Structures are given as C-alpha cells and as structure tokens.
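Working notes, beginning with the structure itself.
The values are calculated or read from the model by the stated rules, or taken from the named source; none is laboratory data. Being a predicted model, the structure only gives us computed values, none of them experimental. A quick note on method: Cβ atoms are made from the backbone with ideal geometry, for glycine too, and the neighbour counts reach across all protein chains shown. Quick note on the areas: whole protein, heavy atoms, side chains included, nothing else; ligands and nucleic acids left out. Shrake-Rupley method; radii C 1.70, N 1.55, O 1.52, S 1.80 Å.
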Amino acid sequence: MKIAPFIFCLSFFSIPILLSAQRQMENLDRGVVATKTDNQEVFVSWRLFQEDQENLAFNLYRENGKGEVVKVNNEPILKVSWFQDQSFDPSQRNTWFIKSIVGNEESDEKGSFSIAASSEAKPYFSIPLQKPEGYAPNDVSIGDLDGDGQFEIVVHQVGQSRDNSQKGLTDPPIFQAYKLDGTFLWEINLGKNIREGAHYTQFMVFDLDGDGKAEFACKTADGTTDALGNVIGDPAKDWRDLDEESRTFGKILSGPEFLTVFEGSTGKALHTVDYIPGRGNIGEWGGIGGNGGNDNTGNRVDRFTACVAYLDGIHPSLVMGRGYYGRTVLAAFDFKNGELESRWVFDSKDGKNPYSGMGNHGLSVADVDFDGKDEIVFGAMVVDETGEGLYTTGFRHGDALHVSDLDPTTPDLEVFGIHEIEEGTKGPGVVLFNARNGEVLFEAAQDTDVGRGVAGNIDSSRVGAQMWWSGDPNLYDLSGNVIGEAPKEKNFLIWWDGDLSREILDRNYIVKYGKGVIFEAEGATSNNGTKATPALSGDILGDWREELILRSEDNTELRIYSSTIPTDFKMPTLLQDSQYRLSLAWQNVGYNQPPHPSFYVGTGMNKFKE
C-alpha cells in the first residue's frame with residue numbers, strides 16, 4: 001500500500017518521513033534566494049523541510065553594506081515561505097537571511113542571499129563561466145560538493161559534438177564545477193578517447209559514500225585528465241578511427257573503457273575501474289526494439305545511460321548502462337571507502353530475452369512496489385533492486401518517459417511513455433501503464449512512431465495528469481478521453497506560478513495551459529536542438545516551485561531563474577522526496593526529461609491523503 005507523502009493542514013503540506021527515513025540524504029540549508037523585481041522590490045523565498053513543525057514561522061532579516069541588520073517583516077511569516085521586501089536601499093549591497101521562530105525564541109538558520117549595490121532588476125542571477133575556447137555550456141547537474149549545505153553546479157562544456165549515427169571527429173568533453181556565487185572550482189577533461197555527443201557521456205553528481213559531499217562520476221578512457229592534472233590510463237594512446245574514408249571515421253571502437261569517481265570538492269580522480277560492460281562484438285547490440293537491426297559502425301553499441309538508485313533502501317548506488325535498441329546492460333556499483341565495488345549486472349543479452357530492446361533514450365528511478373528500495377524504470381521495462389527484471393511490457397524503446405503518481409485516485413505510480421514503431425514493427429506509440437506490475441491502462445497511436453510526449457497536471461480545473469504527444473492535436477485524460485486541445489509544446493514541465501498545477505516549459509519560455517506564455521527568459525537559450533531542454537530545471541532553491549537554469553545566448557554565463565509569483569501554498573522542498581531528488585541526478589541523461597516526485601502534486605492534491 002502506498003503511503004501518501006503529503007497531509008494537508010491549513011496552507012501547509014507536511015511530508016511524513018516514512019520509508020525514506022533511513023536513506024542517506026543531503027543536509028541542506030534553507031536555500032534562500034532573492035530576486036529583484038524592480039528597483040524598490042525584492043522577492044525572497046526559502047525552503048521548508050519535512051521535519052518542520054506545521055506552525056513554524058520565520059522572521060526575515062536584511063544586512064546592508066554598512067553591516068546594519070534590520071528585521072524586514074512586522075509579523076512572523078507563518079502561512080507562506082516567501083516575502084516581498086520593499087524597504088531596502090538599492091544603492092547598497094544587501095543580504096537576506098531568515099530565522100525560524102520556535103516558541104517565543106528565534107533560531108539561527110543556515111543560508112543567505114546577496115544582491116550587489118545598484119544592480120539592475122532582472123529575473124535571474126548569473127554564474128559567469130570560464131568557457132573553453134570553442135565550447136558552449138550544455139547540461140548541468142547539482143550537488144553539495146563541499147558539504148556546506150549549498151548546492152554547487154557541474155557544467156558539461158561541449159565543443160564539436162556528433163550523434164552516434166554520424167561519423168567525424170569531436171572535441172573532448174569537458175566538465176567544470178562552480179559555486180552558486182560564481183566561484184570556479186575545477187575542470188576535468190575527458191580527453192580525445194571519449195567522443196562528444198548526447199548519447200556518449202552520461203555523468204552523475206551525487207553523494208555516493210554518505211560523507212556529506214557529492215562525488216562526480218562518468219565514463220573515462222586513456223588520456224582523461226582530472227582537475228589536479230593526473231592522467232587516467234595511457235595519455236599517448238589515440239583510439240580514434242582517423243581514416244577519413246572509413247564508415248567509422250572519428251569513432252572510438254577499440255581501446256580500454258573505464259568508470260571513474262572524482263572527488264566533488266577538488267575534481268581529483270578517486271577510483272577507476274573497467275567500464276561494465278565492454279563493447280564485445282559491436283555488431284551484436286541490435287535487437288527487437290524500434291530500430292530492430294544491428295550495425296557495425298558504433299551506433300548501437302555506444303548508447304549510454306546512467307542513474308543513481310537506493311537499491312538497498314539506505315545507500316545510493318551508481319548505475320551505468322549501455323544499449324537499448326537491442327541488448328541492454330545495466331551495471332550497479334557501490335562506492336565505499338574510496339573504491340567502486342560491483343553490486344550486480346543486468347544483461348538482456350539478445351532477442352530471445354523479452355527485456356531486449358525495451359530501454360529508452362533515458363530512464364527513471366522509483367520505488368514502484370513500495371518496499372523501500374528503488375527500481376529502474378527503463379522505458380518499456382522495469383529492473384528490480386536485485387538486478388533482476390521485474391517485468392517488461394514489450395512495447396519497445398522510445399524518446400520520452402514520465403513516472404509519478406499521475407492518477408492520485410489509485411494507490412500505485414504510473415508510467416507514461418511514447419514508443420518508436422519503425423521498420424515493420426507493430427504496437428502502440430503511446431502507453432500508460434501501472435508502474436508496479438506493468439498493467440496497461442491506456443494506449444494510443446497504434447503502429448505509429450511517436451517522437452515526443454508529456455504527462456502532467458497542466459489543467460488547473462482537473463484532478464490528475466493530462467497526456468499529450470506529437471502527431472495528435474488532442475489533450476487526453478488518464479482514461480483516454482479527449483478533454484481539449486493539446487499544447488503545441490511537448491518537451492518539459494515546471495511548477496512556476498502560484499497554483500498546484502504544472503506549467504509547460506519549452507525553449508526559453510513558460511506556458512500556462514489555456515492562458516499562453518507567462519514568462520520568457522530573454523537573452524537565454526535552451527540546449528539539445530529540437531529537444532529544447534533547459535540546462536537543468538528543478539526545485540533547487542527557495543520555496544517548492546522549480547528553478548530554471550539556461551545558458552545565455554552568448555554562452556558566457558548560466559542564468560538561474562526563480563519564480564517571483566506569490567503562492568498561497570506552503571510545502572516542504574521537493575528535494576526531500578527521494579524520487580524527485582534522483583530525477584535531478586538523471587535529468588542530463590540522453591533525451592532530458594522533467595523531474596517528477598513520487599507523489600501527486602496538482603489540483604486537488606489535498607483530497608488524497610492518509
């Protein structure tokens with residue numbers, strides 16, 4: 001039986017710490033963020049935590065450039081976790097911080113946010129980048145790299161890149177780490193023996209060993225150089241195919257492959273092991289998936305995925321994947337005492353195995369059977385925490401995947417995905433199924449290759465998620481009924497305005513269903529071509545709404561946008577829901593997808609509680 005994570009009381013949603021109580025989670029500060037909305041007004045918001053009492057109130061303080069501290073609010077802030085400050089002197093540097101009120105006494109809280117003197121009003125704060133020549137920032141991830149309770153940002157810097165289906169040389173992938181105040185921390189260069197492209201380098205940022213500091217992990221090779229200048233493998237080796245007439249020109253289909261965990265605070269390589277699985281016969285990675293054939297050009301063999309999952313219910317494990325068109329391999333590792341240890345390997349091997357060809361261009365992690373341990377939802381199949389297949393639906397691979405409590409009237413989680421129906425294969429292009437047992441709840445677009453699809457509560461007049469996908473003009477409810485016109489945007493979701501329904505994020509703008517564009521990030525742009533995805537989107541600062549991270553059009557900075565719309569709803573940070581936090585870790589993988597919590601957030605959520 002699923003235990004509902006939210007209890008509604010007045011305007012506060014409280015999350016009981018139940019099955020996730022033993023999980024090693026981050027020790028975060030209050031995540032204070034301040035946004036100057038005009039010259040005389042700043043919108044300040046902060047995190048609430050599961051362990052906070054329902055009647056916990058706050059006082060907001062401001063320190064100016066002279067060191068003078070004043071309390072901003074007249075009455076304790078109880079019903080919300082935001083405040084609009086109109087009393088500051090914009091000609092001075094100002095710093096906002098909060099204190100919680102316990103009984104009749106104040107308690108100091110960690111976390112503050114500063115705005116420079118005479119700064120212009122803008123809807124974001126920026127992180128200037130030390131961009132390598134010829135590179136541009138792409139996907140990012142977050143983690144508390146130094147253990148101070150604040151997130152740092154790890155940026156994937158991308159030069160010349162290529163899809164697996166293309167031949168040609170690429171630039172080496174480069175990763176950089178920054179503090180939110182713009183302080184540069186380190187740079188790691190993966191070297192010429194790692195090819196650049198959306199399907200090659202999947203990176204995880206997470207506290208893998210429970211020491212309070214996040215690590216950075218990814219696939220490496222001969223010549224990878226850590227932030228201290230240490231080289232992994234043999235720097236003299238060049239495993240690229242340099243024959244311009246070859247069908248595999250520029251690809252790397254021989255030579256050793258490694259998996260390395262780096263220290264988050266310094267970028268130092270901590271431990272390196274062989275990547276599991278190796279390439280083997282590169283012509284044996286096709287199968288019964290949507291692209292059913294094989295190839296000998298490195299297209300199918302070099303399709304990688306990654307995630308973090310609590311496989312024992314307590315400690316996070318690193319899971320690295322290879323393949324999804326046919327053969328699929330997931331390899332789980334534990335990082336203990338500074339070393340990677342193999343936990344298990346899931347291998348679908350060939351087309352005789354019903355799990356072959358069922359993986360996606362991405363994945364999700366959720367406790368689908370409510371045993372306190374995570375499963376890996378990999379497109380049309382689910383792998384149990386033991387490394388054994390839990391079930392497979394047989395619907396083949398696809399490009400989009402959404403896993404959450406999409407239907408709050410039932411006790412289970414649901415999986416919504418789209419599927420590529422190609423090369424004579426048959427089946428539905430759209431499927432909604434029960435995450436616990438794979439029972440099909442809805443299917444559509446028979447024998448149609450569907451490219452994009454989304455599920456979320458975007459209609460604020462309806463309870464539960466709505467579904468829509470490319471090639472169909474209609475918006476559907478969870479029973480498959482047409483309930484309206486589908487949005488033209490089909491990429492991402494974000495909680496942005498003041499109500500509980502979700503908004504639609506696409507490129508550099510946010511759409512409210514039925515109302516149109518409500519926010520546009522001028523001067524910023526999205527990543528990954530037609531996928532039009534953010535560098536990252538999620539609840540990383542402030543109240544429960546989600547932040548948007550985009551690169552500037554000139555690629556010189558990251559811009560972090562936080563909602564300044566007042567909200568009547570007060571709830572703990574989504575980061576304390578393990579499924580949501582893990583979804584921020586895997587968001588950069590393959591075809592990026594929006595994060596989803598393990599519980600329903602949307603219109604009418606207060607009706608579904610236990």
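Using 7 Å Cα-to-Cβ label points, what is the Lys607/Asp238 separation (nm, one decimal)?
So the label points at Lys607 and Asp238 sit 6.6 nm apart.
Find, among the trypsin sites (Lys or Arg not before Pro) in the range 29-117, those assigned to loop by DSSP (not H, G, I, E, B) with at most 16 other beta-carbon atoms within 10 angstrom.
Those satisfying the criteria are Lys66, Lys79, Arg93.
What translational D, rounded to a whole number of µm²/s, comes out for the range 508-583 from Stokes-Einstein when the hydrodynamic radius is the Kirkwood one over Cα pairs, at 10 °C and 1.306 mPa s?
115
Taking only DSSP H segments of four or more residues, each worth -39500 (n - 2.57), what value at 222 nm results for the chain once the sum is divided by all its residues, to the nearest 500 deg cm²/dmol?
-500 deg cm²/dmol
What is the distance, in nm, between label points placed 7 Å from the Cα along the Cα-to-Cβ direction at Ala117 and at Val70?
For Ala117 paired with Val70, the spin-label model returns 1.7 nm.
Sorted from largest down, what three extents in whole angstroms do the Cα atoms of the range 124-207 have along their principal axes?
43, 26, 23
Near the amide H of Tyr61, under 5 Å away, which other amide H atoms are found, from residues 5 or more places off or on another chain, if H is placed in the peptide plane?
Val72, Phe97, Ile98, Lys99
Work from the charge dipole of the chain (Cβ charges, +1 for Lys and Arg, -1 for Asp and Glu, about the Cα centre) and give the residue of Ala455, Gly484, Val261 farthest towards its positive end.
Gly484
Counting other C-beta atoms within 10 Å, and keeping those with at most 16, which DSSP coil GluC sites (Glu not before Pro) do you find in the range 336-425?
Hits after loop and neighbour filter: Glu388, Glu422, Glu423.
Contour minus end-to-end for Arg93 and Thr409, with contour as 0.36 nm per residue of separation and end-to-end as the Cα-Cα distance?
Here the answer is 108.8 nm.
Between (1) 50, 31, 21; (2) 38, 29, 22; (3) 48, 28, 26, which entry matches semi-axes √(5λ) of the Cα gyration tensor in Å as derived from the coordinates of this structure?
So the structure-derived entry is (2).
Please report, in debye to the nearest 20, how large the charge dipole of the range 165-263 is about its Cα centre when each Lys and Arg carries +1 at its beta carbon and each Asp and Glu carries -1 there.
The dipole magnitude comes to about 300 debye.
Is the range 57-144 best put as rounded, prolate or oblate by its Cα gyration tensor, with a ≥ b ≥ c the root eigenvalues, rounded for a/c under 1.5, and otherwise prolate when a/b is larger than b/c, oblate when not?
It comes out prolate by the Cα gyration axes.
So for the chain, taking the charge dipole from beta-carbon charges (+1 Lys/Arg, -1 Asp/Glu), which of Phe249, Pro137, Ser348 sits furthest toward the positive end?
Phe249
Using 1/(1 + (r/R0)^6) with R0 = 56 angstrom and r between the beta carbons of Ser254 and Asn474, what's the FRET efficiency to the nearest 0.05?
With a Förster radius of 56 Å, E is 0.70.
Report, in listed order, any pair from Lys36/Lys71; Lys490/Lys515; Lys237/Lys349; Lys179/Lys268; Lys131/Lys213 with a Cα-Cα distance greater than 20 Å.
Lys237/Lys349; Lys131/Lys213
How large is Rg over Rh for the range 34-193, taking Rg from the Cα atoms and Rh as the Kirkwood inverse mean of 1/r across Cα pairs?
In the range 34-193, Rg relative to Rh is 1.10.
Per residue, how much space in cubic angstrom lies within the convex hull of the C-alpha atoms of the range 273-403?
Residue-normalised Cα hull volume stands at 92 Å³.
Each residue of the range 431-447 in order: what ³J(HN,Hα) in whole Hz does its phi give by Karplus 6.51 cos²θ - 1.76 cosθ + 1.60, θ = phi - 60°, with x for Gly and Pro?
9, 10, 9, 5, 6, 6, 10, x, 4, 6, 9, 6, 9, 7, 6, 4, 6
Please report, in whole Å, how far the alpha carbons of the range 436-513 spread along each principal axis, starting with the longest.
37, 25, 25
Restrict the search to the range 241-330; then list the chymotrypsin sites (Phe, Trp or Tyr not before Pro) that DSSP places in a loop and that have at most 16 other Cβ atoms within 10 Å of their Cβ.
Answer in residue order: Phe249.
If we count every other residue with Cβ under 12 angstrom of Asp29's Cβ, Lys/Arg +1 and Asp/Glu -1, where does the sum land?
After counting each charged neighbour, the total is -2.
How many Å² of accessible area per residue for the range 470-535, probe 1.4 Å?
Roughly 39 Å² per residue, with all protein chains present.
Calculate I(q)/I(0) for the range 192-298 by the Debye formula, one identical point scatterer on each C-alpha and no solvent, and give its log10 at q = 0.24 Å⁻¹ to two decimals.
Log10 I(q)/I(0), no solvent term: -1.36.
Considering only protein heavy atoms and a probe of 1.4 Å, how much of the accessible area of the range 266-355 is carbon and sulfur, as a whole percent?
Of the solvent-accessible surface of the range 266-355, carbon and sulfur hold 44 percent.
Which residues in the range 179-216 place their backbone N less than 12 Å from a point set 7 Å from the Cα of His315 along the Cα-to-Cβ direction?
Correct set: 208-211.
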